[in-house]
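Participant: Below you will find the structure I want to go over with you.
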C-alpha cells in the first residue's frame, strides 16, 4: 500500500491564482481530512469528510473548497490564493471515526 | 471546547538522558482520544500512540512510555535513554466523541538530542 499520497510536494503561486492540492489513499479509509501547519501553531483542521459525498468544515475553512466523489480521493481547492495561505498542507485518512489519522507527506505552498 | 497545551516549546538534552514531554488537555466529553505524533526534520507526521479516555494504564513501547492521568488531564510522554534519532517535533492531540472528526493539536515541542 502506498498509504496517503499528496501532490505536488512544493508549489509557488501568485496572489489570486487558483490550484488544487491532490490527496489520495489506497487503504479504503472512510475518513479523510486536510490540515495546515504554520510555525508555532501546530496543525489546524481545514475540512474533513466522513465518506464519499460528505464533507464538512473544520477550524479554518475560509478560502478553501473540498469535494469527495470517491473514497480514495479528497482534493483541496484554493479558489484565489492569498499570502496568508502560505503553509504546509497535510492530508490524513482514518479507518474509523475518531481513529488514528495517518498523514501524507505534505505539500509546501508559498503564495507570493 | 477542546484544547491541548504543550507548555514546553523546545528542549535540548544530551544523548542517553531521559526526557519527558508534557501534554495537558481540556475537554467536556467523557469519551475522548489522545494521540502523540512525531515530526522528524524530514517533515512527515509519524503516529506514535492512541489512547482512549477509559484506559488509564500506562504504556511502554521500547524506550517510549506514556503516562495518562485523568485526574490532572495530562498525557505525558517519556523517552528513556534518548538518542539523536529522537530529535523531532512532538505533537500531542485530542479528539472528542462529540467533536466530529476534529483532531486538535497542541503547538508542538521541539526536542533536540545532542551527541
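Readers should treat all values here as calculations from the given coordinates under stated rules, not as data from a laboratory. Since the structure is predicted, the reported quantities are computational estimates derived from the model, not experimental observations. Positions of Cβ are backbone-derived with ideal geometry, glycine not excepted, and every protein chain shown enters the neighbour counts.
Participant: When you scan the range A:33-49, how many residues do you find that are within 9 Å of chain B (Cβ to nearest Cβ) and within 14 Å of residue A:75 (Cα to Cα)? Break it down stepwise before answering.
Facilitator: Within the range A:33-49, the subset within 9 Å of chain B (Cβ to nearest Cβ) is A:33, A:35, A:37, A:40-45, A:48-49.
Next cut, within 14 Å of residue A:75 (Cα to Cα) only: A:33, A:35, A:48-49.
The total comes to 4.
Participant: Looking at (1) within 9 Å of chain A (Cβ to nearest Cβ); (2) without any contact (Cβ under 8 Å) to a residue 60 or more places away in the chain, which is the one condition that is false for residue B:85?
Facilitator: (1)
Participant: Hey, which of the strands (runs of 3 or more DSSP E) in chain A, taking only ones fully inside, have at least 1 residues that are in contact with a strand residue (DSSP E or B) (Cβ under 6 Å, 6 or more places away or on another chain), free of Cβ contacts under 8 Å to residues at least 24 places away in the same chain and surrounded by 14 or more Cβ atoms within 10 Å (Cβ to Cβ)? Explain how you work it out, then say what you get.
Facilitator: Values: elements: A:4-7, A:10-13, A:19-25, A:31-38, A:42-51, A:54-57, A:64-66, A:76-78, A:87-94, A:107-111.
Passing ranges, in order: A:42-51, A:54-57, A:64-66.
Participant: Here's a follow-up. Considering only residues that are within 11 Å of another protein chain (Cβ to nearest Cβ) and either under 17 Å from residue B:8 (Cα atoms) or part of a loop (DSSP other than H, G, I, E, B) (or both), which ones fall in the range B:24-34?
Facilitator: B:29, B:31
Participant: At least 1 residues that are loosely packed, with under 15 Cβ neighbours inside 10 Å in each: list the strands (runs of 3 or more DSSP E) lying fully within the range B:47-115 that qualify. It would help to see each step written out before you state the result.
Facilitator: Values: elements: B:59-61, B:64-69, B:74-79, B:88-96, B:109-114.
So the answer is B:59-61, B:64-69, B:109-114.
Participant: Somewhere in the range A:11-18, is a residue out of contact with any helix residue (DSSP H, G or I) (no Cβ under 9 Å at 6 or more places or on another chain) and either farther than 14 Å from residue A:86 by Cα or within 14 Å of chain B (Cβ to nearest Cβ) (or both)?
Facilitator: At the first step, the residues of the range A:11-18 found to be out of contact with any helix residue (DSSP H, G or I) (no Cβ under 9 Å at 6 or more places or on another chain) are A:11-12, A:14, A:16-18.
From the residues that got through so far, the ones that are either farther than 14 Å from residue A:86 by Cα or within 14 Å of chain B (Cβ to nearest Cβ) (or both) too are none.
Among the residues of the range A:11-18, not one is out of contact with any helix residue (DSSP H, G or I) (no Cβ under 9 Å at 6 or more places or on another chain) and either farther than 14 Å from residue A:86 by Cα or within 14 Å of chain B (Cβ to nearest Cβ) (or both), which makes the answer no.
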